[in-house]
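S.K.: First, the structure itself, so that you have it in front of you.
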Amino acid sequence: MKPTVSEPFHLQVRAARRAAHWSQTELAEKAGCRQSQLSAFEAGVAGKVSRETIAKLADLLGLEAPAVGAAAAPAAAPGARARCPNFECPSNLPYRVGGQLLFLPLGTAGSGVHCAICGEVLVRACPRCGAPIHAHGGCCEACGAPLVEMPEGFAPDPDAWAESQRAAVVALRAALPRG
């Protein structure tokens, strides 16, 4: 996914980092901050990186830094649901609707900062419009965008990949303790 200027800056950073195929650790080292700070910043937690680091991130990723005084990353919306943005995480069950691959959250990602299954930073806002995530479905209630996306060209056969992911989710859930 390529960043757009209309997206909040923290989402532009995440999209540009992923497009550059850099891990959070790699980008954090280049920008002079800790991976945990970058992770929280990308998840929309305000105040985790300095204005100087924001300028470095913008420079490294070819983005326009937000104006001084503009919010670089919004705080998480109260009551927003947390979900894992990792399309390969078993907390997201892939399904097809009208030829589009969507991901249904299974509620196993947890409610903390990181996914309880894969460790990715949980998100509480739509990656496209920034609206809080309140629904249980795979799309944003505000703009209709998929909340989790599979990168273009990841799998040559998305249907076969989705079926193997569903089988892995079933196996994982069967292995989890009941209680």
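The values are calculated or read from the model by the stated rules, or taken from the named source; none is laboratory data. What you see is a predicted model; the values in this text were computed from it and never measured. Every residue, glycine as well, gets a Cβ built from its backbone with ideal geometry; the counts of neighbours run over all protein chains shown.
S.K.: From the residues in region 148-171 that are β-branched (Val, Ile, Thr) and assigned to a helix (DSSP H, G or I), which one is modelled with the highest pLDDT?
M.R.: Result: 170.
S.K.: Sticking with this structure for a sec: Across region 15-35, what is the total count of residues that are assigned to a loop (DSSP other than H, G, I, E, B) and charged (D, E, K, R)?
M.R.: 1
S.K.: Something else: Counting only residues that are buried (at least 20 other Cβ atoms within 10 Å of the Cβ) and out of contact with any Leu (no Cβ under 7 Å at 6 or more places or on another chain), which one in region 25-39 is nearest to residue 133 (Cα to Cα)?
M.R.: Out of the qualifying residues, it is 39.
S.K.: Something else: Every residue in region 111-132 that is closer than 17 Å to residue 36 by Cα and either in a loop (DSSP other than H, G, I, E, B) or of a type in the set (S, T, N, Q) (or both), please.
M.R.: Matches in region 111-132: 112, 113, 115, 116, 118, 119, 120, 122.
S.K.: Pull up region 49-64, narrow it to residues that are surrounded by fewer than 18 Cβ atoms within 10 Å (Cβ to Cβ) and modelled with pLDDT under 90, then point me to the one that is nearest to residue 131 (Cα to Cα).
M.R.: 64
S.K.: Kindly check whether there is at least one residue in region 81-90 that is in contact with a Leu (Cβ under 8 Å, 6 or more places away or on another chain) and charged (D, E, K, R).
M.R.: yes
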